[in-house]
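Novice: This is the structure, below, for whatever I ask next.
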Amino acid sequence: MESVLGRYRNLIILVGVLFLQVLGLATQVKRGGSDPENTRLIRVWAVGAITPFERALVWAQNGTGNLWHNYFYLRGVRAENRQLKDQIEQMRLEQVRLSEDAAQARRLQSLVAFKEQFISRTVAAQVIGSSGSDLSRTVYIDKGENAGIKRDMAVMTADGIVGKVLVAYPSVSQVLLISDQSSGVGALLEKTRLQGVLRGTANGEVVLERVMSDEQVPVGETVLTSGGDQIFPKGLPVGTVTKVGNGKDLFLNIKVKPAANLSKLEEVLVLVEKQERQATAEENVRVRAADILAQRLPSVPDKPADVNPAAGAATVGSTTPAVAKTAAKPTGAAISATPAPKYPSGTSNVSGASGTGPAGKPTANSAASSSPAKKSVTAPAGTVPTSKPDATQTAPTSEPPKSTDPTPPSAPDNPNSQPPAAESSPQ
Amino acid sequence: MPITYTSGEQVEVYRFSIPVTIGIPLLALFVQAFLPLRFPRFAVYFDLPLLVTIFFAMARRNPIAGLFTGAVIGLAQDMLGHNPIGLNGIAKTIVGYGASSLGVKLDVENAGARFLVTLGFYLIHSAVYFTVARGMVNMTQTWSWLHGMLAGLANAVLGVVLFFLLDKFKQRT
């Protein structure tokens with residue numbers, strides 16, 4: 001007996017070690033599949049041994065890169081800065097247009113008591129490591145429980161969603177990418193509004209499942225989060241459809257290219273707080289395209305101080321009676337003291353707000369029409385144009401212009417201004 | 001002949017210092033976890049912890065040491081992922097045992113032998129992992145001979161280079 005044990009000692013030990021591991025594996029599977037929380041205590045050791053080195057290396061790498069990019073390699077920064085400023089201008093105008101749409105959507109949502117989710121707080125984190133296996137598509141980020149990160153929080157980049165927090169350790173967190181085959185995200189197609197479940201495959205692709213095969217899904221359509229998984233708020237970009245084919249049963253096999261580059265993640269945002277609140281309609285629109293344009297355009301030269309206010313008011317009243325009627329309400333003769341807009345609001349606002357004209361560019365028509373008015377209206381220096389005669393143009397309500405604006409509407413210098421009745425009509 | 005049959009007395013048995021025994025597997029795990037951030041395809045084709053397991057097992061030529069080396073490295077690798085712990089552990093235990101048993105009987109010091117041994121053990125490792133993952137954990141796995149062979153060849157080439165570097169840390173008993 002002893003000789004048998006001695007002879008097969010190695011084999012017996014091998015079987016024993018394998019048996020123990022199989023037993024451990026079976027226990028994990030019985031407890032809850034591949035939930036890493038069940039084996040958190042053991043995983044902490046490995047994570048604690050590896051991640052400090054990864055963190056240090058990423059820190060050193062970033063430090064070197066920053067030194068180079070911030071101090072030595074500044075070629076083209078000036079041009080890039082100018083380009084970015086132009087881009088900001090364009091985006092501000094676009095923002096105004098979108099805020100109009102959003103305000104309209106909120107009004108409609110408030111009518112049906114719709115509850116919407118807002119991203120109220122995010123934590124930026126650096127990706128410091130991965131699982132090192134293509135069978136476990138996870139990454140580690142350098143923020144954990146100490147930064148308020150918890151399990152099942154959404155992780156995203158500016159481009160789109162990345163995944164969710166799988167395990168939060170004190171100083172690091174493990175993030176399950178949407179390309180992992182055990183992940184699942186509620187998603188919908190932007191135009192067709194078809195809903196499905198986004199899953200990863202064994203080879204790292206992302207597919208949209210549970211879309212019936214009799215539906216038409218065009219290639220190139222954008223995929224957004226549907227909010228159905230209670231992790232990602234609705235409307236975040238997920239990716240675009242790259243291929244549509246027949247899948248199993250009655251469903252389509254839709255391949256999706258993630259919007260975020262999952263293979264080269266550097267910085268991510270963890271959604272640590274989201275609010276759910278009743279949709280409410282905003283009463284007033286704060287900034288309009290015309291206001292932004294007006295601030296940017298050259299102002300009218302200052303007039304001498306001895307101008308007769310009454311004459312100014314009369315001039316305004318004579319050129320644009322309809323607007324003068326609304327403007328005269330709050331301050332009467334004070335209209336003359338109200339600054340003339342640097343840019344006629346009528347044409348430019350329509351162009352900027354509705355997006356039909358060239359964004360941010362004054363039209364020839366509006367520029368021409370502003371000339372005579374500038375001559376007739378008195379304009380004190382150093383004041384900001386606040387005219388909002390067409391504030392209701394983009395709002396599809398028939399309410400009269402609200403008096404929420406602290407400053408009274410100024411006298412428009414555009415002789416081609418529309419009467420209030422036309423302005424307040426829904427578009 | 002790349003692989004020569006050698007008696008137990010003829011083959012040399014090596015040992016490693018404690019820092020090397022701990023540091024090299026840790027370094028392999030670290031590189032395996034870090035490089036995919038910069039080179040996304042690295043994790044698809046290369047398995048550095050497996051190469052380190054094979055190297056230590058073949059150099060020590062002790063099946064028990066080999067299987068424990070494989071088990072520890074494999075389990076540590078599992079801990080970094082999110083799949084159940086034990087998948088790599090079981091696969092690398094078998095590889096460690098096999099590599100050290102082979103090291104006892106064959107002289108695997110030259111490049112050709114190392115290439116073939118690494119290729120073979122990579123395929124064994126993949127097969128064991130695939131079987132356990134599908135059979136026990138019910139993971140959706142697809143077996144691809146093409147991918148297996150390509151990854152095996154890539155690991156074998158890297159293994160030959162890596163083993164020559166790691167030879168520097170060997171200490172004769």
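The values are calculated or read from the model by the stated rules, or taken from the named source; none is laboratory data. Since this is a predicted model, take the numbers as computed values, not measurements. Note that we place each Cβ from the backbone using ideal geometry, even for glycine, and neighbour counts take in every protein chain shown.
Novice: Can you name the residue in the stretch A:232-277 that is acidic (Asp, Glu) and in contact with a strand residue (DSSP E or B) (Cβ under 9 Å, 6 or more places away or on another chain) and is also modelled with the lowest pLDDT among such residues?
Specialist: A:Glu276
Novice: Can you report the number of residues in the stretch B:99-146 which are within 10 Å of chain A (Cβ to nearest Cβ), under 22 Å from B:Tyr45 (Cα atoms) and in contact (Cβ under 8 Å) with a residue 40 or more places away in the chain?
Specialist: 4
Novice: Answer yes or no as to whether A:Leu5 is over 17 Å from B:Ala65 (Cβ atoms), at the interface with chain B (Cβ under 10 Å from one of its Cβ atoms) and hydrophobic (A, V, I, L, M, F, W, C).
Specialist: no
A quick yes/no check of all residues on (1) under 55 Å from the mean Cα position of the chain (by Cα); (2) over 24 Å from A:Gly129 (Cβ atoms); (3) touching a residue at least 12 places away in the same chain (Cβ under 8 Å):
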site	(1), (2), (3)
A:Ile13	no, yes, no
A:Leu18	yes, yes, no
A:Gln21	yes, yes, no
A:Arg31	yes, yes, no
A:Pro36	yes, no, yes
A:Trp45	yes, no, no
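Novice: A follow-up question, please. When you go through A:Ile42, A:Ile13, A:Ile50 one by one, which is the residue that is within 25 Å of B:Pro84 (Cβ to Cβ), within 14 Å of chain B (Cβ to nearest Cβ) and in contact with a Phe, Trp or Tyr (Cβ under 7 Å, 6 or more places away or on another chain)?
Specialist: A:Ile50
Novice: For A:Tyr169, only one of the following conditions fails: (1) within 14 Å of another protein chain (Cβ to nearest Cβ); (2) under 25 Å from A:Ser226 (Cβ atoms); (3) modelled with pLDDT of 90 or more. What is its number?
Specialist: (2)
Novice: Now for a separate question. Looking only at the stretch A:208-224, decide whether some residue is modelled with pLDDT of 90 or more and within 26 Å of B:Trp143 (Cβ to Cβ).
Specialist: Taking every residue of the stretch A:208-224 in turn, at least one turns out to be modelled with pLDDT of 90 or more and within 26 Å of B:Trp143 (Cβ to Cβ).
Novice: Could you check the stretch A:186-206 and list, in sequence order, the residues that are farther than 12 Å from A:Thr225 by Cα, basic (Lys, Arg) and without any contact (Cβ under 8 Å) to a residue 24 or more places away in the chain?
Specialist: Matches in the stretch A:186-206: A:Arg199 only.
Novice: Quick one: A:Gln181 ticks every box in (1) in contact (Cβ under 8 Å) with a residue 60 or more places away in the chain; (2) touching a Ser or Thr at 6+ places or on another chain (Cβ under 8 Å); (3) within 14 Å of chain B (Cβ to nearest Cβ); (4) not small (Gly, Ala, Ser) bar one, so which box is it?
Specialist: Of (1) in contact (Cβ under 8 Å) with a residue 60 or more places away in the chain; (2) touching a Ser or Thr at 6+ places or on another chain (Cβ under 8 Å); (3) within 14 Å of chain B (Cβ to nearest Cβ); (4) not small (Gly, Ala, Ser), only one is false for A:Gln181: (1).
Novice: Given the conditions (1) on the phi > 0 side of the Ramachandran plot; (2) more than 11 Å from every other protein chain (Cβ to nearest Cβ), which single one is not true for B:Gly86?
Specialist: Every listed condition holds for B:Gly86 apart from (2).
Condition check ((1) surrounded by 21 or more Cβ atoms within 10 Å (Cβ to Cβ); (2) part of a strand (DSSP E or B)) across all residues:
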{"position": "A:Ala102", "(1), (2)": "no, no"}
{"position": "A:Ser120", "(1), (2)": "no, yes"}
{"position": "A:Gln126", "(1), (2)": "no, yes"}
{"position": "A:Gly129", "(1), (2)": "yes, yes"}
{"position": "A:Tyr140", "(1), (2)": "yes, yes"}
{"position": "A:Lys164", "(1), (2)": "yes, yes"}
{"position": "A:Gln174", "(1), (2)": "yes, yes"}
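Novice: Where the second residue is small (Gly, Ala, Ser) and not in a loop (DSSP other than H, G, I, E, B) and the first is closer than 22 Å to B:Phe164 by Cβ and within 7 Å of chain A (Cβ to nearest Cβ) and lies in the stretch B:27-55, which pairs have Cβ atoms under 9 Å and are six or more apart or on separate chains?
Specialist: From the stretch B:27-55, the pairs are B:Leu29/A:Ala46; B:Leu29/A:Ala49; B:Leu29/B:Ala76; B:Phe30/A:Ala49; B:Phe30/A:Gly129; B:Gln32/A:Ser130; B:Gln32/A:Ser133; B:Gln32/B:Ala43.
Novice: Here's a follow-up. Being surrounded by fewer than 19 Cβ atoms within 10 Å (Cβ to Cβ), among the β-branched types (Val, Ile, Thr) and either at pLDDT 95 or above or part of a helix (DSSP H, G or I) (or both) narrows it down to one of B:Thr131, B:Thr93, so name that one.
Specialist: Numbers: B:Thr93 fails: surrounded by fewer than 19 Cβ atoms within 10 Å (Cβ to Cβ).
Result of the check over B:Thr131, B:Thr93: B:Thr131.
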